[in-house]
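**Student:** Here it is: the structure, laid out below.
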Amino acid sequence: MLLSFFMAEIKNKFPENVAGKYYVDRECISCDACYMAAPQNFAMNEDDGHAYVKKQPEGSVEEDQCRDAMEGCPVFAIGNDGATK
(Lines give C-alpha, C1' and ligand atoms only; values in the text may rest on other atoms or scores of the structure.)
Protein backbone atom coordinates (compact mmCIF):
# COMPACT_ATOMS: atom_id res chain seq x y z
CA MET A 1 0.00 0.00 0.00
CA LEU A 2 1.40 3.37 -1.01
CA LEU A 3 0.07 5.14 2.08
CA SER A 4 2.23 3.11 4.44
CA PHE A 5 5.34 4.25 2.55
CA PHE A 6 4.55 7.86 3.42
CA MET A 7 3.36 7.27 6.99
CA ALA A 8 4.71 9.27 9.91
CA GLU A 9 7.86 8.18 11.69
CA ILE A 10 7.53 7.00 15.27
CA LYS A 11 10.98 8.33 16.15
CA ASN A 12 9.71 11.86 15.35
CA LYS A 13 6.43 11.72 17.26
CA PHE A 14 5.42 14.51 19.62
CA PRO A 15 5.73 13.72 23.34
CA GLU A 16 2.10 14.74 24.00
CA ASN A 17 0.80 11.68 22.13
CA VAL A 18 -0.74 9.18 24.52
CA ALA A 19 0.67 5.66 24.40
CA GLY A 20 -0.81 3.43 21.75
CA LYS A 21 -0.76 2.72 18.07
CA TYR A 22 -1.75 6.15 16.69
CA TYR A 23 0.57 9.15 16.95
CA VAL A 24 1.37 12.47 15.25
CA ASP A 25 4.92 13.31 14.24
CA ARG A 26 6.81 16.54 13.62
CA GLU A 27 5.61 16.83 10.00
CA CYS A 28 2.29 18.20 11.31
CA ILE A 29 1.30 21.56 9.81
CA SER A 30 -1.61 22.18 12.20
CA CYS A 31 -4.27 22.00 9.49
CA ASP A 32 -6.98 20.61 11.84
CA ALA A 33 -7.90 17.78 9.43
CA CYS A 34 -7.33 15.09 12.08
CA TYR A 35 -9.26 17.01 14.70
CA MET A 36 -12.17 17.44 12.27
CA ALA A 37 -12.18 13.71 11.48
CA ALA A 38 -11.77 12.46 15.06
CA PRO A 39 -12.19 15.26 17.62
CA GLN A 40 -12.45 12.83 20.55
CA ASN A 41 -9.02 11.40 19.71
CA PHE A 42 -6.96 14.35 18.45
CA ALA A 43 -6.19 17.72 20.00
CA MET A 44 -4.15 20.75 19.05
CA ASN A 45 -1.19 22.10 20.98
CA GLU A 46 -1.92 25.78 20.53
CA ASP A 47 1.47 26.86 21.91
CA ASP A 48 3.55 24.91 19.39
CA GLY A 49 0.95 24.67 16.62
CA HIS A 50 0.65 20.92 16.10
CA ALA A 51 -1.80 18.09 16.62
CA TYR A 52 -1.35 15.09 18.87
CA VAL A 53 -3.30 12.01 19.90
CA LYS A 54 -5.04 12.76 23.17
CA LYS A 55 -6.93 9.44 23.34
CA GLN A 56 -6.45 6.18 21.51
CA PRO A 57 -9.56 4.90 19.73
CA GLU A 58 -12.07 2.77 21.61
CA GLY A 59 -14.45 0.77 19.47
CA SER A 60 -14.94 0.49 15.75
CA VAL A 61 -16.38 3.99 15.22
CA GLU A 62 -13.40 5.76 16.77
CA GLU A 63 -11.02 3.36 15.01
CA ASP A 64 -12.61 4.24 11.66
CA GLN A 65 -12.42 7.95 12.46
CA CYS A 66 -8.72 7.71 13.39
CA ARG A 67 -8.00 5.77 10.23
CA ASP A 68 -9.85 8.44 8.22
CA ALA A 69 -7.79 11.12 9.96
CA MET A 70 -4.56 9.31 9.13
CA GLU A 71 -5.54 8.79 5.50
CA GLY A 72 -6.71 12.40 5.19
CA CYS A 73 -3.59 14.00 6.61
CA PRO A 74 -2.10 16.10 3.80
CA VAL A 75 1.48 15.72 5.05
CA PHE A 76 1.35 12.10 6.31
CA ALA A 77 2.03 13.21 9.90
CA ILE A 78 -0.21 10.58 11.52
CA GLY A 79 1.20 7.14 12.11
CA ASN A 80 -0.10 3.79 13.24
CA ASP A 81 2.57 1.46 14.54
CA GLY A 82 0.08 -1.32 15.26
CA ALA A 83 0.77 -1.39 19.02
CA THR A 84 -2.19 -1.89 21.28
CA LYS A 85 -0.75 -0.18 24.36
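**Student:** Return the residue satisfying two criteria in turn: it lies in the stretch 59-85 and is exposed (fewer than 15 other Cβ atoms within 10 Å of the Cβ) and not in a helix (DSSP H, G or I), and of such residues it is modelled with the lowest pLDDT.
**Tutor:** LYS85
**Student:** Here's something else I'd like to know. At pLDDT 95 or above, more than 11 Å from the chain's Cα centre (by Cα) and of a type in the set (S, T, N, Q): which single residue out of GLN56, GLN40 fits that description?
**Tutor:** Only one candidate qualifies: GLN40.
**Student:** Out of the residues in the stretch 1-20 that are outside any helix (DSSP H, G or I) and among the hydrophobic types (A, V, I, L, M, F, W, C), state the one that is modelled with the lowest pLDDT.
**Tutor:** Result: MET1.
**Student:** So is ASP64 in contact with a Pro (Cβ under 9 Å, 6 or more places away or on another chain) and either charged (D, E, K, R) or on the phi > 0 side of the Ramachandran plot (or both) or not?
**Tutor:** Yes: the conditions hold for ASP64.
**Student:** Restricting the first residue to the stretch 64-80 and requiring it to be of a type in the set (Gly, Ala, Ser), which pairs with a second residue that is at pLDDT below 95 meet a Cβ separation below 8 Å and a spacing of at least six or different chains?
**Tutor:** Going by the 8 Å Cβ cut-off, the qualifying pairs are ALA77/ALA8; GLY79/MET7; GLY79/ALA8; GLY79/GLU9; GLY79/ILE10.
**Student:** Taking the conditions exactly as written (on the phi > 0 side of the Ramachandran plot and modelled with pLDDT under 95), does GLY49 satisfy them or not?
**Tutor:** Considered against the rule, which asks whether it is on the phi > 0 side of the Ramachandran plot and modelled with pLDDT under 95, GLY49 comes out as yes.
**Student:** Would you mind stating whether ARG67 is under 9 Å from the mean Cα position of the chain (by Cα) and basic (Lys, Arg)?
**Tutor:** Here the answer is yes, as ARG67 does meet what is asked.
The values are calculated or read from the model by the stated rules, or taken from the named source; none is laboratory data. Computed from a prediction, not measured in an experiment: that's the story for all the values here. With ideal geometry, Cβ positions are generated from the backbone for all residues, glycine too; neighbour counts draw on all protein chains shown.
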